[in-house]
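Q: Would you mind keeping the following structure in view while I ask a few things?
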Amino acid sequence: MLSKRQASRVLAVAAAFTLASCSGYDNSALGVAVVGQPGDPFSESSDLSAGAVLVRASTVEGLVAFDDAGRVIPALADRWIVTDDGQSYIFRLRDGNWATGEPITAESARRAINAALKALDDGPLAHDLAGIDEVRAMAGRVIEIRLTRPMPYLLQLLAQPELGLYRKGQGTGPMSVTRSGGIATLSAIDPAKLGLPPIDKWAERTRQIHLHALPGAQAVAAFNDGSVDLVLGGRIQDFLQTRSVGILRGTIQLDPVVGLFGLHVMNDKGFLSEPANREALAMAVDREGLISPFGLGGWSATTRIVTPSLDGDLGTIGERWGEQTLDQRRAIAAARVRSWHGPAGTPSQERAPGARQSGAHHVRLRVWLPEGSGATVLFNRLVADFATIGVGLDRAKDADAADLALVDDVARYPRAGWYLNRLSCQAGRGLCSQEADARVAEAASAATPAERAALLTEAEAELTGANVFIPFGTPIRWSLVRGSVDGFSVNPWGWHPLMPLAWLTK
């Protein structure tokens with residue numbers, strides 16, 4: 001029988017578990033709901049839904065993975081070293097085969113890594129990984145990833161589901177998936193089928209996961225009636241649904257995540273053409289008031305784009321308008337709204353494409369928010385906030401038709417670069433700053449970490465001055481967890497892999 005350490009090398013996610021002793025076992029399937037739409041787990045879109053991400057991470061391993069606590073653990077690579085200069089990561093691949101039956105070799109892994117990197121196209125994750133210079137196959141099952149600069153969070157990025165490695169179109173577990181109607185059934189793969197040493201009494205040590213993708217209200221209802229024991233992927237728009245969860249049914253768990261949560265300015269038409277006017281909108285927002293209806297203790301508001309106090313934060317950028325009260329900020333903002341006119345000197349509501357007349361409001365804008373009762377509460381609070389400065393707000397059907405759109409993303413690694421890449425011109429989300437992007441590009445070739453941090457700070461300052469994003473604070477991620485569920489932990493990434501849930505105590 002393999003030791004726990006050996007078993008973790010066979011299926012990396014098991015490393016976080018302590019297998020307790022008891023008199024028997026129950027390997028009946030665990031019902032899990034992820035907030036989304038039916039069919040999400042089987043989506044082949046390049047823009048992966050939460051359900052599709054869970055399935056991808058469960059069935060297509062990368063070099064490394066995350067355990068339930070968000071720690072990086074072995075997957076296809078069973079160990080690695082980092083050179084002293086931080087510019088070379090050397091991985092030793094585990095024994096065993098790809099799902100095709102072919103042995104895992106350095107050359108086949110190199111090709112798979114390069115294919116995964118190429119598939120990222122020019123998206124934000126590709127920019128996060130832009131420091132990779134070369135992937136080299138070395139002797140036997142050893143590969144090297146060479147960097148143009150140190151990337152302290154490279155392992156966290158390599159553990160992302162998008163960096164799962166395929167061989168001839170097939171992933172290598174640690175789970176397989178079958179479809180039954182709208183339910184994805186995930187089963188832990190017997191290691192012997194992958195050319196690995198067998199684990200004694202495998203069937204008694206694992207169980208299937210039945211993954212359902214359901215809209216928020218239905219996911220909570222399924223938890224309340226006992227159809228599922230775990231709900232994942234909760235966001236602010238569905239948080240109010242959790243009020244129906246009784247204390248005996250389970251607990252609401254909040255992940256301590258950081259990231260982007262606020263409004264992205266989508267165009268520079270009409271009133272939004274001037275940075276000072278865009279700043280006026282940011283000045284009007286009562287950030288604590290936005291979240292107070294949700295009763296979330298410990299939520300952190302901020303006026304900064306980059307979450308304060310992350311690694312590399314020089315502390316030279318502080319909260320905005322710190323010397324002014326909310327009423328004082330709103331008075332300044334309202335004066336800007338009243339004084340703004342269109343290009344021909346006529347009132348904005350008569351000429352500007354991004355604004356139109358309605359009642360007493362001098363300017364009227366459209367905002368996109370996702371569907372859900374929580375989003376409606378958020379919208380109503382924003383309506384009240386903007387009304388204090390003479391701006392009316394309507395709800396847009398989609399982001400393309402909006403002047404402002406909610407961004408609600410969890411950071412994949414806690415560095416300024418992640419935030420700046422998500423709001424870059426290459427990301428193509430809305431308004432951006434070429435000057436900020438130029439500083440980020442300079443930072444990529446900085447000679448020292450201190451110089452890089454200084455350039456990223458300058459980039460944040462440029463982006464802040466452009467007023468293209470209105471920060472609210474940290475994103476909100478919640479789960480519902482039955483007391484009987486093992487293999488779940490809150491973590492800074494808001495990431496909850498399925499394989500740890502499939503392990504049984506024995």
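Q: Can you pull out every residue in the stretch 212-222 that is in a strand (DSSP E or B) and of a type outside the set (A, V, I, L, M)?
A: Matches in the stretch 212-222: His212 only.
Q: Keeping to the stretch 298-332, report how many residues are in contact (Cβ under 8 Å) with a residue 60 or more places away in the chain and either within 25 Å of Gly390 (Cα to Cα) or β-branched (Val, Ile, Thr) (or both).
A: Qualifying residue count for the region: 10.
Q: Something else: Name every residue in the stretch 255-276 that is surrounded by 22 or more Cβ atoms within 10 Å (Cβ to Cβ) and over 17 Å from the mean Cα position of the chain (by Cα), in order of residue number.
A: Matches in the stretch 255-276: Val265, Met266, Gly270, Phe271, Leu272.
Q: Just checking, does the stretch 379-386 include any residue being under 25 Å from the mean Cα position of the chain (by Cα), under 30 Å from Ser49 (Cα atoms) and crowded, with 21+ Cβ neighbours inside 10 Å?
A: For the stretch 379-386, residues under 25 Å from the mean Cα position of the chain (by Cα), under 30 Å from Ser49 (Cα atoms) and crowded, with 21+ Cβ neighbours inside 10 Å: present.
Q: While we're looking at this one, here's another question. Residues Gln241, Gln237, Gln328: which one is of a type in the set (S, T, N, Q) and assigned by TED's automatic domain parsing to the domain that holds Ala375?
A: Of the residues listed, the single one that is of a type in the set (S, T, N, Q) and assigned by TED's automatic domain parsing to the domain that holds Ala375 is Gln328.
Q: In the stretch 442-466, which residues are modelled with pLDDT under 95 and polar (S, T, N, Q)?
A: Ser445, Thr448, listed by residue number.
Q: Can you give me the number of residues within the stretch 226-278 that are outside any strand (DSSP E or B) and either under 18 Å from Gln37 (Cα atoms) or not hydroxyl-bearing (Ser, Thr, Tyr) (or both)?
A: 34
Q: Please find, within the stretch 134-152, the residue that is surrounded by the most Cβ atoms within 10 Å (Cβ to Cβ) out of those that are closer than 20 Å to Trp418 by Cβ and at pLDDT 95 or above.
A: Ile145
Q: Could you check the stretch 279-334 and list, in sequence order, the residues that are of a type in the set (Gly, Ala, Ser) and in a helix (DSSP H, G or I)?
A: Of everything in the stretch 279-334, those that are of a type in the set (Gly, Ala, Ser) and in a helix (DSSP H, G or I) turn out to be Ala280, Ala282, Ala284, Gly289, Ser292, Ala331, Ala333, Ala334.
Q: Hey, among Leu165, Leu186, Leu157, Leu194, which residue is touching a residue at least 60 places away in the same chain (Cβ under 8 Å), on the phi < 0 side of the Ramachandran plot and more than 25 Å from the chain's Cα centre (by Cα)?
A: Values: Leu165 fails: more than 25 Å from the chain's Cα centre (by Cα); Leu186 fails: more than 25 Å from the chain's Cα centre (by Cα); Leu157 fails: more than 25 Å from the chain's Cα centre (by Cα).
After ruling out the rest, the residue left standing is Leu194.
Q: Let me ask something else. Going by what's in this entry, would Pro74 be described as under 30 Å from Cys425 (Cβ atoms) and in contact (Cβ under 8 Å) with a residue 12 or more places away in the chain?
A: On the way: under 30 Å from Cys425 (Cβ atoms): no; in contact (Cβ under 8 Å) with a residue 12 or more places away in the chain: yes.
Considered against the rule, which asks whether it is under 30 Å from Cys425 (Cβ atoms) and in contact (Cβ under 8 Å) with a residue 12 or more places away in the chain, Pro74 comes out as no.
Q: Looking at the stretch 295-345 only, could you name the residues that are closer than 26 Å to Leu423 by Cβ, hydrophobic (A, V, I, L, M, F, W, C) and modelled with pLDDT under 95?
A: Correct list: Leu296, Trp299, Leu310, Leu314, Ile317, Trp340.
Q: Looking for whichever is part of a loop (DSSP other than H, G, I, E, B), more than 29 Å from Gly164 (Cα to Cα) and either touching a residue at least 12 places away in the same chain (Cβ under 8 Å) or touching a strand residue (DSSP E or B) at 6+ places or on another chain (Cβ under 9 Å) (or both) here; the options are Ala446, Ala459, Ala427, Ala454. Which one fits?
A: Ala446 is the lone residue from the list that is part of a loop (DSSP other than H, G, I, E, B), more than 29 Å from Gly164 (Cα to Cα) and either touching a residue at least 12 places away in the same chain (Cβ under 8 Å) or touching a strand residue (DSSP E or B) at 6+ places or on another chain (Cβ under 9 Å) (or both).
Q: Something else: Go through the stretch 62-94 residue by residue and tally those that are more than 26 Å from Leu501 (Cβ to Cβ) and either among the acidic types (Asp, Glu) or part of a loop (DSSP other than H, G, I, E, B) (or both).
A: 5
Q: Something else about it: What are the residues in the stretch 406-436 that are small (Gly, Ala, Ser) and either surrounded by 21 or more Cβ atoms within 10 Å (Cβ to Cβ) or over 17 Å from the mean Cα position of the chain (by Cα) (or both), if any?
A: Residues of the stretch 406-436 that are small (Gly, Ala, Ser), as a first pass: 411, 416-417, 424, 427-428, 430, 433, 436.
Once the filter is applied, which keeps residues that are small (Gly, Ala, Ser) and either surrounded by 21 or more Cβ atoms within 10 Å (Cβ to Cβ) or over 17 Å from the mean Cα position of the chain (by Cα) (or both), the stretch 406-436 yields Ala411, Ala416, Gly417, Ser424, Gly428, Gly430, Ser433, Ala436.
This table checks each residue for (1) touching an Asp or Glu at 6+ places or on another chain (Cβ under 6 Å); (2) crowded, with 17+ Cβ neighbours inside 10 Å; (3) modelled with pLDDT of 95 or more.
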| site | (1), (2), (3) |
| --- | --- |
| Asn114 | no, no, yes |
| Leu120 | no, yes, no |
| His127 | no, yes, no |
| Gly169 | no, no, no |
| Arg179 | no, no, no |
| Ser187 | no, yes, yes |
| Ala203 | no, no, no |
| His212 | no, yes, yes |
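Q: I'd like the full set of residues that are small (Gly, Ala, Ser), modelled with pLDDT of 95 or more and either surrounded by 23 or more Cβ atoms within 10 Å (Cβ to Cβ) or in a loop (DSSP other than H, G, I, E, B) (or both), limited to the stretch 467-486.
A: Ser479
Q: Also, I was wondering about something else. Could you give me the residue pairs with C-beta distances under 6 Å whose first residue belongs to the stretch 115-137 and is small (Gly, Ala, Ser), whose second residue is assigned to a strand (DSSP E or B) wherever it lies, and which are 6+ apart or on separate chains?
A: Every condition considered, the pairs that remain are Gly131/Leu147; Ala137/Ile143.
The values are calculated or read from the model by the stated rules, or taken from the named source; none is laboratory data. Keep in mind it's a predicted model, so treat the numbers as computed, not measured. A quick note on method: Cβ atoms are made from the backbone with ideal geometry, for glycine too, and the neighbour counts reach across all protein chains shown.
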